[in-house]
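J.: Quick one: structure below, then a few questions.
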Amino acid sequence: MINKYPLWKYLLLAVVLLAGVLFALPNMYGDHPAVQISPRTGDVTPELQAQIAETLAAGGIENVTFRSESDRLMALFADGEAQGKAQGLIDLEHGGGNTTALNLVPATPDWLRKFAEPMNLGLDLRGGVHFLMEVDMETAINSAEEKYVDQFRTIMRTNEIRFRSPSYGEKGVTVRFANAESRDKALGIFKYEFQDLEFATEEDGKEFFIHATMSQIAKDTERKSTLQQNIITLRNRVNELGVAEPIIQQQGKERIVVQLPGVQDPAQAKEILGATATLEYRMVHGTYNDWSDAQTSGRVPPNAKLYKNREDGGPVLLQRKVIVTGDQIKDASSGIDTNSGSPAVFISLDGPGAKRMQEVSSNNIGNPMAVVFIENRTVTKKIDGELVKQKERIEEVINIATIRDVLSHRFQTTGLETSEARNLSLLLRAGALKAPVEIVEERTVGPTLGQQNIDRGKLSVMIGLAMVLAFMAFYYRVFGIVADLALVANLVLIVAALSAIPGATLTLPGIAGIVLTVGMAVDANVLIFERIREELRNGSAIQAAINSGYEKAFVTIADANVTTLIAAVVLFVFGTGPIKGFAITLSIGIVTSMFTAIFGTRALVNWLYGGKRELKALPI
């Protein structure tokens, strides 16, 4: 018997190893400190790069290298000191129309960057902030159902059905009628117009009711829509914060993971990410006397709503019909009102919003219009000795001004503090969250600790690798060296896979998975080599012993690795961030170790000993 592989198998092994080296190589070059410049509108232009280069040269920063992409410009520096100084200069001269962020750019040569990039590092290795945010789906469903109040009112007026003002409560949208005939007529129209709602009727002898709630399918659709909309909004807000390479992704049905590399101020990030502030513009209803009467008596006109004035805490009556809402705001920026010198937010509306504002303002010149500031907050209160989280909705009138001229696409709003105006303009640019979010988990990792994690992780891998290499070479001699070569190739393939797979990220638990793989990877070779030794002790010929060792040990090896792979997949599917990192590297390690420990070592053993018929002994 001659143990020989056909040529194509050797070529396949060579191609895989060559690809592994190529994709793993970028990780050897390290990183350049960089400042990332992203234009708020438009793409990066050569003029912008020239302006920034001129600014840096005037500031005494030389030897700057630029890398330009369609939506961002990277300025690369020799050290962190120059990086920090450069960001200050760029912010001062070009911060108005651009967002800057500190970043680390791979120092991979240009020829290699065409083929491969280094692997992504998690927050525990790079440093930064991790948030796990839970979306308030109950509020999302309530808000979606409450929107039907105005639609019901419009439909009944269009069809001339007599009704009493609809309201929203525990039973959903409730419409009251004086008689059953009107109720039944309205119910028939509602069922035809709103097929995603479920209706129930009720009567108490004096009034007749229709209760409307969203169907389960409609609620599930609304939850998915809310989660996706919040992810988009959070991504926009992170872009406005100027964070390089953020990770924002769904986790489960109601949670969102936000990872912000390089951010060391979680307070500001929490304030911006979790805020749900927006604006509404409404016309003022009545006069001050009407407001006081409504607050004192509790009787509010059906076409009005009672608010509190932030400035003096007094009551204000506003019309229920909204002129413009926050989702119609196309752009917003903070600044100073030239007339009063107070902080202001300059608003730009989209087409429908501008048309609506122009129509209302042209018909109400000389009448007061109010700006309502709306914010949803989660507060913790002590109730009966226990800390309880409660949701609060703050609605305040921040500004009342008389319309002096026709308003259209652009105008300004005052009545805010400087920081509040700045944050509100950011939130309006990024869009409003469709439902409030609550931060249920928070972690902050400093850059120094991240580097320590990298150094200790490398050390643990090297120590584990060295001990396994020494043991295998000592105990199995030449065959042990063959297993050692396969183990080193396995590590190269793991790094290559982490670099090549989109979205794969190496974390500290991931390094633990690699260390575990180093120990497990030689298990297959131990089984194979012991089987070969057993066959030799039983008097088998050398070539037959080699063949039998690989063939008969394969089932045991496959069984052990497949069961471990199943466990790793389960960890990935049901685990959170750190556990997922461990599961990814463990899964990759299992697959690559099967390839190197069985296919790779067999090819090398066949090449060394497979053609030698006259072998008297094996160095095993």
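The values are calculated or read from the model by the stated rules, or taken from the named source; none is laboratory data. As the structure is a computational prediction, the values presented were derived from the model and not from experiment. Cβ coordinates were reconstructed from backbone atoms using ideal geometry, including for glycine residues, and neighbour counts include every protein chain displayed.
J.: Is it the case, given these coordinates, that residue 463 is assigned to a helix (DSSP H, G or I), without any contact (Cβ under 8 Å) to a residue 60 or more places away in the chain and in the same structural domain as residue 597 (by TED's automatic domain parsing)?
T.: When the stated conditions are applied, residue 463 passes them.
J.: Where residues in the stretch 121-134 are out of contact with any Leu (no Cβ under 6 Å at 6 or more places or on another chain) and at pLDDT 80 or above, which of them is farthest from residue 494 (Cα to Cα)?
T.: Initially, the stretch 121-134 is screened for residues out of contact with any Leu (no Cβ under 6 Å at 6 or more places or on another chain), giving 122-123, 125-127, 131-134.
So of that shortlist, the ones also at pLDDT 80 or above come out as 131-134.
Values: 131: 28, 132: 28, 133: 31, 134: 34 Å.
Among them, the one singled out is 134.
J.: Does residue 508 count as more than 18 Å from residue 487 (Cα to Cα), surrounded by fewer than 20 Cβ atoms within 10 Å (Cβ to Cβ), of a type in the set (A, V, I, L, M, F, W, C) and touching a helix residue (DSSP H, G or I) at 6+ places or on another chain (Cβ under 6 Å)? Let's see the steps before the verdict.
T.: Values: more than 18 Å from residue 487 (Cα to Cα): yes; surrounded by fewer than 20 Cβ atoms within 10 Å (Cβ to Cβ): no; of a type in the set (A, V, I, L, M, F, W, C): yes; touching a helix residue (DSSP H, G or I) at 6+ places or on another chain (Cβ under 6 Å): yes.
The answer is no for residue 508.
J.: Something else: Which one of these does residue 141 not meet: (1) over 23 Å from residue 235 (Cα atoms); (2) modelled with pLDDT of 85 or more?
T.: Single failed check for residue 141: (1).
J.: State whether one or more residues within the stretch 571-582 are assigned to a loop (DSSP other than H, G, I, E, B) and among the small types (Gly, Ala, Ser). Break it down stepwise before answering.
T.: First, the residues of the stretch 571-582 that are assigned to a loop (DSSP other than H, G, I, E, B): 575-576.
Next, from what is left, pick out any that are among the small types (Gly, Ala, Ser): 575.
Looking through the stretch 571-582, at least one residue is assigned to a loop (DSSP other than H, G, I, E, B) and among the small types (Gly, Ala, Ser).
J.: Out of curiosity, is residue 86 hydrophobic (A, V, I, L, M, F, W, C), more than 30 Å from residue 191 (Cα to Cα) and in contact (Cβ under 8 Å) with a residue 12 or more places away in the chain? Show your work before the answer.
T.: Working: hydrophobic (A, V, I, L, M, F, W, C): yes; more than 30 Å from residue 191 (Cα to Cα): yes; in contact (Cβ under 8 Å) with a residue 12 or more places away in the chain: yes.
In short, yes.
J.: Sticking with this structure for a sec: Has the stretch 148-160 got at least one residue that is modelled with pLDDT of 85 or more, more than 30 Å from residue 321 (Cβ to Cβ) and either buried (at least 16 other Cβ atoms within 10 Å of the Cβ) or under 25 Å from the mean Cα position of the chain (by Cα) (or both)?
T.: No; the residues of the stretch 148-160 include none that is modelled with pLDDT of 85 or more, more than 30 Å from residue 321 (Cβ to Cβ) and either buried (at least 16 other Cβ atoms within 10 Å of the Cβ) or under 25 Å from the mean Cα position of the chain (by Cα) (or both).
J.: Working only within the stretch 119-178, note down all residues that are touching a strand residue (DSSP E or B) at 6+ places or on another chain (Cβ under 8 Å) and among the basic types (Lys, Arg).
T.: 126, 153, 162, 164, 171, 176
Residues checked against (1) in a strand (DSSP E or B); (2) among the charged types (D, E, K, R); (3) under 30 Å from residue 246 (Cα atoms):
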position	(1), (2), (3)
125	no, no, yes
154	no, no, no
167	yes, no, no
186	no, no, no
189	no, no, no
195	no, no, no
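J.: Determine, yes or no, whether residue 181 is out of contact with any helix residue (DSSP H, G or I) (no Cβ under 9 Å at 6 or more places or on another chain), surrounded by 16 or more Cβ atoms within 10 Å (Cβ to Cβ) and farther than 30 Å from residue 496 by Cα. Show your work before the answer.
T.: Numbers: out of contact with any helix residue (DSSP H, G or I) (no Cβ under 9 Å at 6 or more places or on another chain): yes; surrounded by 16 or more Cβ atoms within 10 Å (Cβ to Cβ): no; farther than 30 Å from residue 496 by Cα: yes.
Taking the combined requirement at face value, the residue does not satisfy it.
J.: Take the residues in the stretch 528-542 that are touching a residue at least 24 places away in the same chain (Cβ under 8 Å) and surrounded by fewer than 20 Cβ atoms within 10 Å (Cβ to Cβ), then tell me which one is nearest to residue 620 (Cα to Cα). Working first, answer last.
T.: Within the stretch 528-542, the subset touching a residue at least 24 places away in the same chain (Cβ under 8 Å) is 528-529, 532-533, 536, 541-542.
Now restrict to residues that are surrounded by fewer than 20 Cβ atoms within 10 Å (Cβ to Cβ): 533, 536, 541.
Working: 533: 7, 536: 10, 541: 14 Å.
Among residues in the stretch 528-542 that are touching a residue at least 24 places away in the same chain (Cβ under 8 Å) and surrounded by fewer than 20 Cβ atoms within 10 Å (Cβ to Cβ), the one nearest to residue 620 (Cα to Cα) is 533.
J.: I've got another one for you. Which one of the conditions (1) more than 30 Å from residue 443 (Cβ to Cβ); (2) modelled with pLDDT under 80; (3) of a type outside the set (Val, Ile, Thr); (4) surrounded by 21 or more Cβ atoms within 10 Å (Cβ to Cβ) does residue 581 fail to meet, given that it meets all the rest?
T.: With (1) more than 30 Å from residue 443 (Cβ to Cβ); (2) modelled with pLDDT under 80; (3) of a type outside the set (Val, Ile, Thr); (4) surrounded by 21 or more Cβ atoms within 10 Å (Cβ to Cβ) applied to residue 581, the lone miss is (1).
J.: Shifting gears a bit: For the stretch 40-86, give me each residue that is more than 26 Å from residue 330 (Cβ to Cβ) and among the acidic types (Asp, Glu). So that I can check it myself, show each step before the final result.
T.: Going residue by residue through the stretch 40-86, those that are more than 26 Å from residue 330 (Cβ to Cβ) are 46, 49-68, 74-86.
Matches in the stretch 40-86: 54, 62, 79, 81.
Condition check ((1) without any contact (Cβ under 8 Å) to a residue 40 or more places away in the chain; (2) under 28 Å from residue 499 (Cα atoms); (3) hydrophobic (A, V, I, L, M, F, W, C)) across all residues:
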{"position": "10", "(1), (2), (3)": "no, yes, no"}
{"position": "28", "(1), (2), (3)": "yes, yes, yes"}
{"position": "38", "(1), (2), (3)": "no, yes, no"}
{"position": "48", "(1), (2), (3)": "no, no, yes"}
{"position": "56", "(1), (2), (3)": "yes, no, yes"}
{"position": "59", "(1), (2), (3)": "yes, no, no"}
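J.: Residues in the stretch 317-341 that are over 38 Å from the mean Cα position of the chain (by Cα) and farther than 22 Å from residue 395 by Cα: how many?
T.: Residues in the stretch 317-341 being over 38 Å from the mean Cα position of the chain (by Cα) and farther than 22 Å from residue 395 by Cα: 4 in total.
J.: A further question on this structure: Tell me the residue from 79, 71 that is in contact (Cβ under 8 Å) with a residue 24 or more places away in the chain, outside the structural domain of residue 333 (by TED's automatic domain parsing), of a type in the set (Asp, Glu) and closer than 11 Å to residue 37 by Cβ, please. Walk me through how you get there before you give the answer.
T.: Numbers: 79 fails: closer than 11 Å to residue 37 by Cβ.
Within the list 79, 71, the selection yields 71.
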